[in-house]
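The values are calculated or read from the model by the stated rules, or taken from the named source; none is laboratory data. A quick note: this is a predicted structure, and the numbers were derived from the prediction, not measured. Don't worry about glycine lacking a Cβ; one is built from the backbone with ideal geometry, like all the others, and counts go over all protein chains shown. Side chains included, ligands, DNA and RNA excluded: accessible areas come from the protein's heavy atoms. Shrake-Rupley method; radii C 1.70, N 1.55, O 1.52, S 1.80 Å.
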Amino acid sequence: MDIYKVLTLIFSLVLILATLASVLKRDEWWIRVFDFPRVQIVIINLVMIGATLLSFNFTSAWPFLLLAALGFSIGYQFRMIYPYTPLASRQVVQYKGVAQEDLISIMVSNVLMTNKKAHKLKNLVKKYDPDILLTLETNKWWEEQLEEIEHKYAYTVKIPLDNLYGMHLYSKLELENAEVGYLVQDGIPSVKSNLKMRSGKRIKIYCLHPKPPSPTEADTSTNRDAELLLVGKEVAKNNKSTLVFGDLNDVAWSRTTQLFQKLSGLLDPRIGRGFFNTFHAQHPLFRWPLDHVFHSSDFTLVDIKRLPSVGSDHFPMYAQLNYGPVAEKVQERPGAESEERVWAKEKIEKADPVAIKLRTKY
């Protein structure tokens, strides 16, 4: 067997094993990492199919089996990412009315704590003028750099940290009963608050940035998954108009994020529109959607876009939404099956979040 056949076989087996690993309901980081590069796996699979056709003469059965396995890998991976392509139906209706007082705009930016190009973010804030700005990985230096934008934002929640999980929330709209919480792990904050819109309508907002599964951050995805699912259950229980946004350190198409949507009943405006990959900003071939804006079914989408680089490893994410209760009649809310609820409960209990579930009035 020549070197081309050997390399084709090795790469094909790696792709097949990566796909099989992503099917498993396991939390180890080296398994969950395969949730991320599904688009890349599809593309490389196509290359390997071409290499297989060129490298082997198909005089025996196993090259056909290899092609079938590669085909399965492509089919499974594409099924997972398909909803986030323009080929799929949009989950959120496009708002086409005139501007009104119940429009709300959100910018989410993981700034990268060591990034010193604060002027780039400030220029974007000046250009897009969001009603809500959430910055992540912000420490005291970043807090000081952003002081000059505070005249626009009467309401703030500041959590400067040097552990890469600092969080700063700036809002033009009134925040009521804002709370800082450590839902699953000490040192990993989240924010929840009531927010009063210009019309007087009160909604609930949640700002999140859980730890990702990786060899340098967390050995498993257990705590990240539990935090998302805890918030999902709380959103469903409250049954209020809600926005959830932040760097979730999980891709839109992962089993956990989809379960979060089903538990919470929240909608994803990217479905049917595109990936909106926000990470990694410096590596175009290795990008996936980590920064998210979810909302209840009484919002429709005015605009959504990935913004230019601010010097971070994440691109900022921007979304503008319109509140209108009539939208609930035309937008179907996701729902979880009983077995999915059981699985969510098991994942939350595995993280044992009760011991660290602290909330402080801000």
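Kirkwood hydrodynamic radius (Cα pairs, Å) of region 1-89? About 13.9 Å for region 1-89.
Which FRET efficiency value, to the nearest 0.05, is calculated for Glu176 and Glu337 with the Förster distance at 30 angstrom and r the Cβ-Cβ distance?
Efficiency at R0 = 30 Å is approximately 0.30.
From the Kirkwood radius over Cα pairs of region 68-144, Stokes-Einstein at 20 °C and 1.002 mPa s returns a whole-number translational diffusion coefficient of 129 µm²/s.
Contact order for the chain, expressed relative to its length and based on alpha carbon pairs under 8 Å spaced 6+ residues apart, stands at 20 percent. Here, P(r) means the percent of Cα pairs in each 10 Å bin from 0 to the largest distance; for region 207-339 it is 12, 42, 35, 11, 1.
Got a number for carbon plus sulfur as a percent of the chain's accessible area, 1.4 Å probe?
Numbers: 9210 of 16000 Å².
Taking all protein chains in place, the chain shows 58 percent carbon and sulfur surface.
Relative to the current alpha-carbon distance between His151 and Lys116, full extension at 0.36 nm per residue lengthens the span by 10.4 nm. Contact order normalised by length for region 85-205, with contacts defined as Cα pairs under 8 Å and 6 or more residues apart; what percent is it? That works out to 20 percent. In straight-distance terms, cross-link reach from Lys152 covers every one of the aspartates and glutamates whose alpha-carbon lies under 17 Å from its own, apart from those fewer than eight places away in the same chain; here that gives Asp129, Asp131, Glu143, Glu144, Glu174. Membrane-span-like helices of the chain, defined as complete DSSP H segments with a Cα extent of 27 Å or more along the helix axis and a mean Kyte hydropathy of at least 0.0, are identified as 3-23, 62-81.
Counted over region 182-256, the DSSP beta bridges are approximately 60% antiparallel. DSSP bridge analysis restricted to the chain gives an antiparallel fraction near 80%, rounded to the nearest 5.
When the alpha carbon gyration tensor of the chain is reduced to an equivalent ellipsoid, its three semi-axes come out at 37, 22, 21 angstrom, largest first. Only lysine pairs 8 or more places apart, or on different chains, with alpha-carbon atoms under 26 angstrom apart are counted in region 231-345, and they number 14. Normalised by residue count, region 129-265 yields a Cα convex hull volume of 113 Å³ per residue. Each peptide among 318-324, 75-81, 24-30 gets the average number of other Cβ atoms lying within 10 Å of its residues, and from highest to lowest they stand as 318-324, 75-81, 24-30.
So, in Å, what gap is there between the alpha-carbon centers of region 271-312 and region 186-217? What the calculation gives is 17 Å, centre to centre. Packing order of peptides 138-151, 281-294, 247-260, highest average first: 247-260, 281-294, 138-151 (average count of other Cβ atoms within 10 Å over each peptide's residues). Average accessible surface for region 227-322: 26 Å² per residue, computed with a 1.4 Å probe over protein heavy atoms with every protein chain in place. With a Förster radius of 35 Å applied to the C-beta separation of Thr59 and Lys237, the computed FRET efficiency comes to 0.05.
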